[in-house]
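**Student:** To start, I am sharing the structure in question, which I have written as structure tokens.
The values are calculated or read from the model by the stated rules, or taken from the named source; none is laboratory data. Predicted, not measured: the structure shown is a model, and the values here were computed from it. No Cβ is skipped: glycine too gets one built from the backbone with ideal geometry, and neighbour counts run over all protein chains shown. What goes into the accessible areas is simple: the full protein's heavy atoms, side chains included, and nothing from ligands, DNA or RNA. Shrake-Rupley method; radii C 1.70, N 1.55, O 1.52, S 1.80 Å.
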Amino acid sequence: MGSEAATAAVDLLRSQVPLQTDGELVLPSRGGVGLVLVDVVNGFCTVGAGNLAPVAPNKQIEKMVEEACRLAKLFCEKNWPIFAFLDTHYEDKPEPPYPPHCIIGSGEENFVPALEWLENEPNLTIKRKNCIDGYISSIEKMDPIFLLIGLENIRLKLLVLVLGICTDICVLDFASSTLAARNIGQVPPLQDVVIYSEGCATYDLPVEFAMNMKGALAHPQGLMHHMGLYIAKGRGAKVVDRVVLEPSE
């Protein structure tokens, strides 16, 4: 599918399943917000880094990384909690239907270069997740308690702001599970899960390439990004297209 046809397909989808965003999120200067970064790692974001990395520079992914860096710096300046999922797998534990990716020791499982500085920040907690759904990966020994940041940080925030990759896979699954837990009272006092559209991205596998790859599913980037946000909204997430800080008095 050429670029014009792809654009037309996205426009058609948006006309049939329009997404009404929640506009702008103004972060309260008093805090009460936790930032969750989902898989901003080399294996998904750095050109040529692995089986699921982009094969060429990708504007949507570059924008996501840029916004993740901007907001991470803001949260560090405020000493607000940041939680980062880093997709990390063992060679002998595949994750079908995806090919091997983010294997321990490969470098794919680490932050992209633009976020390496974050590892030294005291307000950061890292969770190396071994499955698509970060919420599930944070439940140890089937304990139903939400262990996202050790019960003291993100769990106790009124709002969780989510950025990362992939919009329609890991971001969507984490948001959906967290919202389900909220709805049955497992994560008080959490009120909202907010997904930042410009801070999310997904991968691009056009249908003409997928047809020639055994077992591959077509995954046009624009369409799937839109559907990820649309489904998340249907799960109860708020979707915003701009994030700013409340002016200090």
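**Student:** Considering only the range 66-90, how many residues are open to solvent by 20 Å² or more (accessible area, probe 1.4 Å) and under 18 Å from residue 161 (Cα atoms)?
**Tutor:** Residues flagged as open to solvent by 20 Å² or more (accessible area, probe 1.4 Å) and under 18 Å from residue 161 (Cα atoms) within the range 66-90 amount to 9.
**Student:** Follow-up. Which of the residues spanning the range 128-173 are among the hydrophobic types (A, V, I, L, M, F, W, C), assigned to a helix (DSSP H, G or I) and modelled with pLDDT under 95?
**Tutor:** Passing the criteria: 136, 154, 156.
**Student:** Condition first: closer than 25 Å to residue 230 by Cα, at pLDDT below 90 and exposed (fewer than 12 other Cβ atoms within 10 Å of the Cβ). Can you find one or more residues in the range 25-34 that meet it?
**Tutor:** No, every residue in the range 25-34 fails to be closer than 25 Å to residue 230 by Cα, at pLDDT below 90 and exposed (fewer than 12 other Cβ atoms within 10 Å of the Cβ).
**Student:** Right, here's the next one. For the list (1) open to solvent by 30 Å² or more (accessible area, probe 1.4 Å); (2) at pLDDT 95 or above, I need the number of the one condition that residue 243 fails.
**Tutor:** Result: residue 243 fails condition (1) only.
**Student:** Taking only the range 162-183 into account, find how many residues are touching a Leu at 6+ places or on another chain (Cβ under 8 Å) and of a type in the set (Ser, Thr, Tyr).
**Tutor:** Number of matching residues: 2.
**Student:** Just one of 67, 108, 77 is among the charged types (D, E, K, R) and free of Cβ contacts under 8 Å to residues at least 60 places away in the same chain; which is it?
**Tutor:** Among 67, 108, 77, only 77 is among the charged types (D, E, K, R) and free of Cβ contacts under 8 Å to residues at least 60 places away in the same chain.
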